[in-house]
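The values are calculated or read from the model by the stated rules, or taken from the named source; none is laboratory data. Computed from a predicted structure; not experimentally measured. Please note: Cβ atoms are built from the backbone with ideal geometry, for glycine as well, and neighbour counts cover all protein chains shown. Keep in mind that these areas ignore ligands, DNA and RNA; they rest on the heavy atoms of the full protein, side chains included. Shrake-Rupley method; radii C 1.70, N 1.55, O 1.52, S 1.80 Å.
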Amino acid sequence: MMTNLFSVFDPSTTFNNMSLNWISTSIGLLLIPTSFWLIPSRHFMLWNKMLLNLHKEFKTLIGYKSINKGSSFIFISLFSIIMFNNFLGLFPYIFTSTSHMAMTLSLALPLWLSFMIFGWINNTQHMFAHLVPQGTPAVLMPFMVCIETISNIIRPGTLAVRLAANMIAGHLLLTLLGNTGPSLTISLLTILVSTQIALLVLESAVAIIQSYVFAVLSTLYSSEVN
């Protein structure tokens with residue numbers, strides 16, 4: 001019996017007293033080298049086309065300055081690893097690393113911190129100007145500086161919480177519905193399985209959308225410091 005509703009997300013998978021929870025995040029790294037020597041398949045060509053479209057979009061968001069050459073590949077890699085871990089969490093008995101703040105905050109905080117350090121060192125005047133939106137009355141300027149500063153500071157937290165909360169919400173709903181299965185009749189069980197399949201499709205879409213949102217917001221934050 002679960003002592004807590006969220007105990008299903010507790011890291012508890014072990015083998016010979018070795019924790020296996022975070023191994024799922026590195027499984028994808030074992031599969032990447034095969035793409036360099038295997039004959040390109042339809043799956044690989046589809047993935048490559050999607051990455052090229054992401055590259056074009058991120059390049060547009062960042063800008064075409066010479067200092068930003070290659071920056072879009074950082075966010076493409078970020079999108080890829082988040083989406084991979086989101087999908088892994090949909091499989092039974094696999095630890096969902098992106099549902100924990102330890103994972104999401106460790107992705108968001110270094111990115112935001114590096115943007116801030118780069119912006120304040122290289123574009124100090126631009127960063128000060130960004131604290132006061134254009135056209136703000138002089139009376140409201142001190143309040144706008146406070147509001148913009150707070151909104152800037154909480155950005156890594158909002159990125160991390162948004163991703164973790166969306167992953168937990170869907171998984172929790174699937175778990176709660178699944179726990180009611182043994183006590184249902186055959187007719188209700190059929191409805192439950194259909195509902196679980198529909199939720200699983202929805203969670204697959206959420207896995208892609210949330211990784212895309214995380215990468216796009218990170219790209220927008222980086223474009224503001226230039």
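Among the conditions (1) over 16 Å from residue 221 (Cβ atoms); (2) among the aliphatic types (A, V, I, L, M); (3) modelled with pLDDT of 85 or more, residue 108 misses just one, which is (1). Count of the range 62-98 residues, restricted to those that are in contact with a Leu (Cβ under 6 Å, 6 or more places away or on another chain) and at pLDDT below 85, is 1. Restricting attention to the range 71-99, report how many residues are open to solvent by 40 Å² or more (accessible area, probe 1.4 Å) and either farther than 22 Å from residue 178 by Cα or among the β-branched types (Val, Ile, Thr) (or both). Of the residues in that region, 6 qualify. Applying the set (1) more than 27 Å from residue 148 (Cβ to Cβ); (2) open to solvent by less than 60 Å² (accessible area, probe 1.4 Å); (3) assigned to a helix (DSSP H, G or I); (4) of a type in the set (A, V, I, L, M) to residue 102 leaves exactly one unmet item: (2). In summary, helices (runs of 4 or more DSSP H) completely within the range 118-191 and bearing 3 or more residues that are at pLDDT 85 or above and on the phi < 0 side of the Ramachandran plot occur at 141-153, 155-179.
Any chance you could count how many residues in the range 156-204 are open to solvent by 40 Å² or more (accessible area, probe 1.4 Å), under 21 Å from residue 86 (Cα atoms) and not β-branched (Val, Ile, Thr)? The number of residues fulfilling the criteria is 11. Looking only at residues of the range 129-147 that are closer than 28 Å to residue 107 by Cβ and out of contact with any helix residue (DSSP H, G or I) (no Cβ under 7 Å at 6 or more places or on another chain), we find that the one that is most open to solvent (accessible area, probe 1.4 Å) is 147.
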